[in-house]
Structures are given as C-alpha cells and as structure tokens.
1. From the list Ile14, Ile21, exactly one residue is buried (at least 20 other Cβ atoms within 10 Å of the Cβ) and either in contact (Cβ under 8 Å) with a residue 60 or more places away in the chain or within 18 Å of the chain's Cα centre (by Cα) (or both). Which is it?
2. Looking at the range 30-67, which of the residues that are within 13 Å of the ligand (Cβ to nearest atom), outside any loop (DSSP other than H, G, I, E, B) and not β-branched (Val, Ile, Thr) is surrounded by the most Cβ atoms within 10 Å (Cβ to Cβ)?
3. Every residue in the range 159-193 that is of a type in the set (Val, Ile, Thr) and either crowded, with 24+ Cβ neighbours inside 10 Å or within 12 Å of the ligand (Cβ to nearest atom) (or both), please.
4. I want to confirm something. Restricting to the range 194-219 and keeping residues that are near the ligand (Cβ under 9 Å from one of its atoms) and more than 20 Å from Arg51 (Cα to Cα), which single residue is surrounded by the most Cβ atoms within 10 Å (Cβ to Cβ)?
5. Please name all residue pairs, on different chains or six or more residues apart, with Cβ atoms under 9 Å, provided the first residue is in the range 194-219 and is more than 19 Å from Ala25 (Cβ to Cβ) and the second residue is more than 9 Å from the ligand (Cβ to nearest atom) and among the charged types (D, E, K, R).
6. Does Glu71 satisfy being acidic (Asp, Glu) and within 16 Å of the ligand (Cβ to nearest atom)?
7. For the range 96-126, how many residues meet the condition of being away from the ligand (no atom under 13 Å from the Cβ) and outside any strand (DSSP E or B)?
8. Between a first residue in the range 80-100 that is farther than 18 Å from Cys163 by Cα and a second residue that is within 16 Å of the ligand (Cβ to nearest atom) and in a loop (DSSP other than H, G, I, E, B), which pairs have beta carbons less than 8 Å apart while being 6 or more apart in sequence or on different chains?
Amino acid sequence: MELQERLNEVRSRIAEAEAGIKRPAGSVQLVAVSKTFDADAIRPAIAAGQRVFGENRVQESQGKWPELKSETAGIELHLIGPLQSNKAEDAVALFDVIETVDREKIARALADEMKRQGKTVRLYVQVNTGLEPQKAGIAPGDTAAFVDLCRKELGLAIEGLMCIPPAEENPGPHFALLAKLAKACGLTKLSMGMSGDYETAIAFGATSVRVGSAIFGAR
Ligand SMILES: *Cc1c(COP(=O)(O)O)cnc(C)c1O
C-alpha cells in the first residue's frame, strides 16, 4: 500500500471515531509520527496535505525538518520524545509544540529559552499513567501540582496532557485517567493514542492522536 492510501485510511478511521462519539468532524488532530524516516519518505505525506508531524529526537529532527519546513508553509512540528535540558535551546528553535514536559528542570529551561528566543512553543505535560520506572512523565498524583508550578512560578501556559500507556495493558483506563487529570487541571487538550489504539483514545476524549507506523509503515 502507498503512503497516501495508508494516510487516507487513518484519516477516515479518525472521522468514524469522531462521528461515533458525536464530535465535530476534524476536531481530532492527527500528528503523523515520522521518526526514523528521512525527508524523502516524509515528502509524500506533506504532498498529501499532512501538516502536523511528530518526532522523538531533537538531533534527528534537525537533520530534516529545517529543510522540509522551508519547502512548505504551515508545518507544525511536535516533539514527542524525552527532552534533555541541554537540548532546550535547539528544541525551542525547531519545534512548535513540545509534548514531553515532565520535570521542573526542563520546564525552567524551556521558560528561559522561550524568553531568550522571543518564541512561544505550545507545551504539554507528559504523565506516566502506568508509573513505569523506565518511562518518562510526571506521576498521576503529582500532575496537578506540577501544572500549577509551571503556570504560577514559571509563567508557562500549559496546553494539555500527554501519555503513553504501558504496551501490554488495555489502554482504556490510562486514557480515562489522563482525561480525568486534565479536567482537574482545567486543561482541554489530550494527546493520546498511537497506531494500535488511536480510535480507543478518541472514544476517551483524545484531541490529538500520534500515529506513526500506520502511516509510514514499520520502523
Ligand atoms: C513512536 C511514537 C508514536 C507512534 O507510534 P506508532 O505505534 O508507530 O503509531 C506515538 N507516540 C510516541 C511518544 C512515540 O514515540
């Protein structure tokens, strides 16, 4: 199958999931996760009208996205992988949305960089809903206090929450937990759902889904 067909398939499944819970068509944002794919593999997605992309590494992204962004207006690039504070400068310069704010040190580094560069990057807080030791993210129980610190102490406008449920578990309860935490923080944006579970995530209130292999193929 060609990329265009796979992209269309994902788009129509998103539309069906939106309709299934009576959400307006087009209300769920598709973040096409292009990590590990080079610029030539990504261009067909851009040609097919996709404008929102996700990458998990700053350095890898620097090797392809400045060029791709210069070729096409309106690209929106999301960082969906862990961020080290020594990469905050580069991340703020390249990305439009950073979905993986997960500790005070990184929040501070981002606040400082945005001020220095005079650029606003939209931010999500990553929540480790499964409390997995190897996974990044704020513990569910610490989320409200962390969002509060970002807002009040650092002056950061947090846009929403993001999670990656444990691979072997039913994702539904994790999506429900993220939705509940967001509501408690007065946040309306939820980044959740990947190739295997994005329709479930939409049913639980995802406002954006991060879909990689279902669009670009196996990595
Ligand atoms: C790779 C990745 C995705 C996309 O995963 P697929 O299963 O290929 O859709 C989504 N979110 C994050 C954080 C990722 O690292």
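1. Values: Ile21 fails: buried (at least 20 other Cβ atoms within 10 Å of the Cβ).
Going through Ile14, Ile21 in turn, the sole match is Ile14.
2. Residue satisfying both the conditions and the ranking: Phe53.
3. We begin by selecting, within the range 159-193, every residue of a type in the set (Val, Ile, Thr); these are 164, 188.
Passing the criteria: only Ile164.
4. First, pick out the residues of the range 194-219 that are near the ligand (Cβ under 9 Å from one of its atoms): 194-198, 209-216, 218-219.
Within this subset, residues satisfying the condition of being more than 20 Å from Arg51 (Cα to Cα) are 196-197, 218-219.
Values: Gly196: 12, Asp197: 20, Ala218: 6, Arg219: 9.
Across the range 194-219, the extreme among qualifying residues is Asp197.
5. From residues that are more than 19 Å from Ala25 (Cβ to Cβ), the pairs are Ala214/Arg6; Ala214/Glu9; Ala214/Arg13; Ile215/Arg6; Ile215/Glu9; Phe216/Arg6; Gly217/Arg6.
6. Details: acidic (Asp, Glu): yes; within 16 Å of the ligand (Cβ to nearest atom): no.
No: the conditions fail for Glu71.
7. The total comes to 20.
8. Going by the 8 Å Cβ cut-off, the qualifying pairs are Ala91/Leu83.
A short reminder: the numbers here are calculations on the coordinates, not readings from a lab. Bear in mind that the values here come from a model prediction, so they are computed numbers and not experimental data. Note that each Cβ is placed from the backbone with ideal geometry, even for glycine, and that neighbours are counted across all protein chains shown.
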